[in-house]
Protein chains: 2
Amino acid sequence: MAQDSEHTTTVDRTSGALYRQVASDLREAITSGSFGESGRLPAEGALAEQYGVSRGTIRQALALLRADGLVTSRRGTRRVVLGGARVQSFSELLSFTHWARSMGEEPGGRLESLVRRPADAAEREQLRLAPGSDVYVALRLRTLSGNPVMVERIVYPPRVGELVAQLPPDVVSHTEFLREHGILFTDADHTIDVVAANADDARLLGCRRGSPLLRERRRTTDPTGTPVEWSQDRYLPGTVAFSVHNSLAASALSRHAREGD
Amino acid sequence: MAQDSEHTTTVDRTSGALYRQVASDLREAITSGSFGESGRLPAEGALAEQYGVSRGTIRQALALLRADGLVTSRRGTRRVVLGGARVQSFSELLSFTHWARSMGEEPGGRLESLVRRPADAAEREQLRLAPGSDVYVALRLRTLSGNPVMVERIVYPPRVGELVAQLPPDVVSHTEFLREHGILFTDADHTIDVVAANADDARLLGCRRGSPLLRERRRTTDPTGTPVEWSQDRYLPGTVAFSVHNSLAASALSRHAREGD
DNA sequence: GAGTGGTCTAGACCACGAT
DNA sequence: TCGTGGTCTAGACCACTCG
């Protein structure tokens, strides 16, 4: 946090919205342990004056920190820093490659198969395709520093699949390649449960058939709401866990009885 | 959605914030299939006029729907209804009892043990307790319509544990009981992974030792940021799954390499 | 170029928590 | 009672999408 002699705080004006810059600055101040032992933040009005912005902008910034579980907020009292802060960008969440690199691991992958075939009923529904549409189905083994970690099955609509089929073999990151070609990922729905390894899983991951895997199913859409992929990732136990923060204000996680696949 | 002859929409003024009422009304309009095939919502300005509120209030309402993954939003175009809508309240998420009832199942539980003992290092850190503090540890079997579904181990700080120890045996919902006694749950961090059943798990759930369970670890805090419980729930596979929605705008889910327990 | 959502401001009043 | 965050308003300008 940059302080000048007037006790106002300046933020880098060259990138993005003001409230994001303020949020970023506050995030740093929080994680670097400012705000002392009590962890009480200044009042919104004080922050507004300090940053030279309106209270509304400060509130937008604080809403971001709130969503990340960094601070509390309730009427009547100052905001308080929460422990257990966790930070991860959207792209790290969706892209195995980004995620691995952010941990300092070397991501790898091997495309086992990529086929074009008619979509079945479930695929048509998930990807909102018309009857008779084709899909591309990719099966990939993912590795961290050479060790098998995850098997991913991704179903693409034709528009996206055609790009994936042209994907050069040396490109590691699916996601980035697609983004560069105009396929945008903006929203994702995830479902997490446990499943038994099938023959393919066992062969690729080097585990026994029937042994448990952590499964993440994900449907990703672009800004218009059009599905761009439907994926099913199966992780070896002990390699990965998923974390969620939620609060009374905004809850994104849900628990539900398991239905059919 | 209630319409009068002036084409304005009225909402119930008797409960809660205006923007929540608008959000609730829009949520209903969306799920009941208004907005036609295209799924395009009216412009913010039009909604503001329709509801007789300012655009800011409409934006607050839409932010809620956005967080739930019900609608998209981007500059330049109307908002669009997303498929795959999922709704669950915070209390349903934290309380096994509420969750079960919302599905039409009959929740049950059996307290296996409740002990007070000195906290170990991990417990002190999770609950932010001073050295030498005690904790209460509850072990419970949870059932749906009589069938074992989940084993929960909850560690409480003394203040909360003393209440739990007084909990009448006929009270089904932990969470509600605590809320009525002034213990508020407002923020929660969840971690989801797979673990092998130990001897206790196997005995209570009726599965084999070493068989896989879906584990949810959760730390819940009150509005001041003080931890009020640290729980570890283990579900039989096939009984439950966890869902998360996230978007470029606000992401609460994270994936991380598994660390020590 | 017209329409849209994104951002920002300045001010107001209220509900709640602490003292 | 006083300070706090929660809510709401009215208006402004901008960045982006689309025909």
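Among the residues of A:193-204, the average count of other protein chain beta-carbon atoms within 10 Å of the residue beta-carbon is 3. What does the charge count around B:Cys207 come to, taking other residues whose C-beta lies under 13 Å from its C-beta (Lys +1, Arg +1, Asp -1, Glu -1)? Value of the local net charge: +2. Its Cα centre serving as origin, the protein assembly as shown has a Cβ charge dipole (Lys and Arg +1, Asp and Glu -1) of approximately 260 debye.
Solvent-accessible surface of region B:10-86, averaged per residue with a 1.4 angstrom probe and all protein chains in place: 53 square angstrom. Roughly how many percent of the accessible protein surface of chain A is carbon and sulfur, given a 1.4 Å probe and a whole-percent answer? Ligands and nucleic acids excluded, carbon and sulfur give 49 percent.
Here the 3J(HN,Hα) profile of region B:151-163, calculated from phi with Karplus coefficients 6.51, -1.76 and 1.60 at θ = phi - 60°, is 10, 10, 10, 10, 9, 10, x, x, 3, 7, x, 4, 5 Hz, Gly and Pro shown as x. Calculated [222 nm] ellipticity per residue, helices only, for chain A: -8000 deg cm²/dmol; basis is -39500 (n - 2.57) per DSSP H run with n ≥ 4, divided by all residues, nearest 500. So what is log10(I(q)/I(0)) for the protein assembly as shown at q = 0.05, 0.06, 0.12 1/Å, when the Debye sum runs over its Cα atoms only? At q = 0.05, 0.06, 0.12 Å⁻¹ the computed log10 ratios are -0.21, -0.31, -1.32. Other residues with beta-carbon under 12 Å from the beta-carbon of A:Arg40 carry, at +1 per Lys or Arg and -1 per Asp or Glu, a net charge of +1. Rolling a 1.4 Å probe across the protein heavy atoms gives region A:102-152 an accessible surface of 51 Å² per residue. Look at the stretch A:213-224: the mean tally of other chain Cβ atoms within 10 Å of its residues' Cβ atoms is 4. The GNM of chain A, with springs linking C-alpha atoms under 10 angstrom apart, assigns the highest mean-square fluctuation among A:Tyr136, A:Tyr51, A:Tyr235 to A:Tyr51. Label points for B:Ala121 are taken 7 Å from Cα along Cα→Cβ. From this copy to the others they lie 5.6 nm apart, shortest first. To the nearest ten degrees, helix B:18-31 and the longest principal axis of the Cα atoms of chain B are 90 degrees apart. For chain A, a Gaussian network of Cα nodes joined below 10 Å ranks A:Val228, A:Val135, A:Val195 by mean-square fluctuation, and the top entry is A:Val195. Taking every residue in A:95-105 and counting other chain Cβ atoms within 10 Å of its Cβ, the average works out to 1.
Since only B:Gly108, B:Ser231, B:Gly206 are under comparison, the one whose Cα sits farthest along the positive direction of the charge dipole of region B:90-235, derived from C-beta charges on Lys, Arg, Asp and Glu, is B:Gly206.
Every Cα-Cα pair of region B:109-217 was included, and the share exceeding 24 Å stands at 31 percent.
In order along region B:70-78, the phi-based Karplus estimate (6.51 cos²θ - 1.76 cosθ + 1.60, θ = phi - 60°) of 3J(HN,Hα) comes to 8, 9, 8, 6, 7, 4, x, 10, 4 Hz; Gly and Pro are listed as x. A probe of 1.4 angstrom, applied to the heavy atoms of all protein chains, finds A:Arg110 with accessible area near 130 square angstrom.
Burial here means at least 50 square angstrom less accessible surface with every protein chain in place than with the chain by itself, probed at 1.4 Å; in region A:232-247 the buried residues are A:Ala241, A:Phe242, A:Ser243, A:Val244, A:His245, A:Asn246. Comparing A:Gly182, A:Gly16, A:Gly52 in a Gaussian network model of chain A (Cα springs below 10 Å), the most mobile by mean-square fluctuation is A:Gly16. Each Cα pair under 8 Å and six or more residues apart adds its sequence gap; the mean of these over the residue count of chain B is a relative contact order of 13 percent. Interface B-A: total buried accessible area of about 5900 Å², 1.4 Å probe, protein heavy atoms only. Volume per residue of the convex hull around the Cα atoms, evaluated for region A:7-86, comes out as 96 Å³.
Given +1 at the Cβ of Lys and Arg, -1 at the Cβ of Asp and Glu and no other charges, the dipole of region A:99-145 around its Cα centre is 80 debye to the nearest 20. Think of each Lys and Arg Cβ as +1 and each Asp and Glu Cβ as -1; about the Cα centre, that makes the dipole of region A:79-228 roughly 300 debye.
The values are calculated or read from the model by the stated rules, or taken from the named source; none is laboratory data. Note that the structure is predicted; figures quoted are calculated from it, not measured. As a convention, Cβ positions derive from the backbone with ideal geometry for all residues, glycine included, and neighbour counts pool all protein chains shown. For the accessible areas, the whole protein counts, side chains as well, though only heavy atoms, and no ligand, DNA or RNA atoms are used. Shrake-Rupley method; radii C 1.70, N 1.55, O 1.52, S 1.80 Å.
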